[in-house]
Structure formats: C-alpha cells, structure tokens
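Report on the structure given below.
The values are calculated or read from the model by the stated rules, or taken from the named source; none is laboratory data. Please read all numbers here as calculations on a predicted model, not as lab measurements. FYI the Cβ positions are ideal-geometry reconstructions off the backbone, even for glycines, and counts take in every protein chain you see. To get the accessible areas, we keep the full protein, side chains included, count just its heavy atoms, and leave off ligands, DNA and RNA. Shrake-Rupley method; radii C 1.70, N 1.55, O 1.52, S 1.80 Å.
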Amino acid sequence: MNYYVLLTLHLFAAIMFVGTVFFEVLILENVRKHVPREVMRTMEQAIGATARKIMPWVMLVLYSAGVGMAWQYRAMLAHPFDSSFGLLLTIKIVLALSVLAHFITAMTLHRTGKMRSIHFKRIHLSVFCHVLGIVFLAKAMFYLNW
C-alpha cells in the first residue's frame, strides 16, 4: 500500500486514540471532583461502552498502518544503533507495543469483570505517559540527529 495512505490512516487513528486517552486522563478525571459519584459512574459506563466498540477498530488501523510504515524502514530497524532515526523509531515501536499490551490488559480485565477503579486509573496514566513519548518520538525521529 502507498506509504502516504498508510501515514494518513495512521495519523487519523492516532488522533482518535491519543485524543481519547487525553480526554480520559486530563478531562474526565477532573470532572470527577465536580460530579456526584453515581452520575460519574453512569458517565464512565456510557463512555466506556462506546470506547470498547470503537477502540478495537481504531487500534487495528493504527497498528496495521504502523506495521506497514515500519516495513519501509526494516533495514534501519535491523540495525537500530547505526542511526539516530533507527534508534528513535525502535524506541517508539517498543512504547507502542507496551501501549498495545496495556490495551489488551484493560480489555481482558473488563471482560473478566476484574477491572477496578485503581486499574483503570493506573492503566490510563501509564498509557498517557507512553503516548506523550510516542508523539514526541514521531517528530524527533525526523529532526534529532547525532
């Protein structure tokens, strides 16, 4: 598939995923302080149900396009320490794989009924930190050289 088509799909899916993570961590957590517990629980359930329907598809597009784009750089990825670009891309991929593991863990905890508020908060905060790093690396790969 054309690299620019993959890039566009990857960017749109990343915007959806990162936007959702930012919303949940920065906005939803602060709303919690101003909304009654029962209302918040209802909101979380409604948002969660919608996210669970959409996010698997977003993740499929995001990671499929990412793999397709990474394939173009397979020679650099074979020797990541030979260039700053290869090293930063490798770190970005490792962070992305960690986000995928977090996503699978969250879906598994939810499906088995073991998802607790503490798990939800920790997973979202960790994913938030990961996506900040991924977004930084996505640009840094093309501008940082050593």
Against the 2.2 N^0.38 Å scaling, with N counting residues, where does segment 56-139 land? I'd like the Cα-based Rg ratio to two decimal places. 1.25
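Could you report the chain's accessible area per residue, 1.4 Å probe, as an integer in Å²?
Working: 9560 Å² over 146 residues.
Per-residue accessible area for the chain comes out at 65 Å².
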Taking Lys and Arg as +1 and Asp and Glu as -1, residues besides residue 67 with C-beta under 14 Å from its C-beta add up to +2
In Å, what is the Rg of the alpha-carbon atoms in the chain, and how long is Dmax? 17.1, 55
Within 13 Å, Cβ to Cβ, of residue 51, how many net charges do the neighbouring residues add up to if Lys/Arg are +1 and Asp/Glu are -1? 0
Can you give the accessible area of residue 74 in Å² (nearest 10), computed on protein heavy atoms with a 1.4 Å probe? 130 Å²
Stretch residue 74-residue 27 to full length: gain in nm at 0.36 nm per residue minus the Cα-Cα span? 13.1 nm
Solvent exposure ordering (accessible area, 1.4 Å, most first) of 42, 90: 42, 90
Any chance you could check the Cα centroid distance between segment 101-146 and segment 39-97 for me, in angstrom? 9 Å
At 10 °C and a viscosity of 1.306 mPa s, what translational diffusion coefficient does Stokes-Einstein give for segment 35-100, taking Rh as the Kirkwood radius over Cα pairs? Give it in µm²/s as a whole number. 110 µm²/s
3, 143, ranked by accessible area, largest first (probe 1.4 Å): 143, 3
Based on alpha-carbon positions alone, could you give the equivalent ellipsoid semi-axes of segment 1-59 from the gyration tensor, as √(5λ), descending, whole Å? 31, 12, 5
For segment 94-135, report the translational diffusion coefficient in µm²/s to the nearest whole number, using Stokes-Einstein at 10 °C, 1.306 mPa s, and a Kirkwood Rh over Cα pairs. 152 µm²/s
Return the sequence-ordered ³J(HN,Hα) values of segment 93-110 in whole Hz as given by the Karplus equation 6.51 cos²θ - 1.76 cosθ + 1.60 applied to θ = phi - 60°, using x for Gly and Pro. 5, 4, 4, 5, 5, 5, 4, 4, 5, 4, 4, 5, 4, 4, 5, 5, 4, 5
Hey, which lysines would be in cross-link range of residue 92, C-alpha to C-alpha under 18 Å, not counting anything within fewer than 8 residues on its own chain? 139
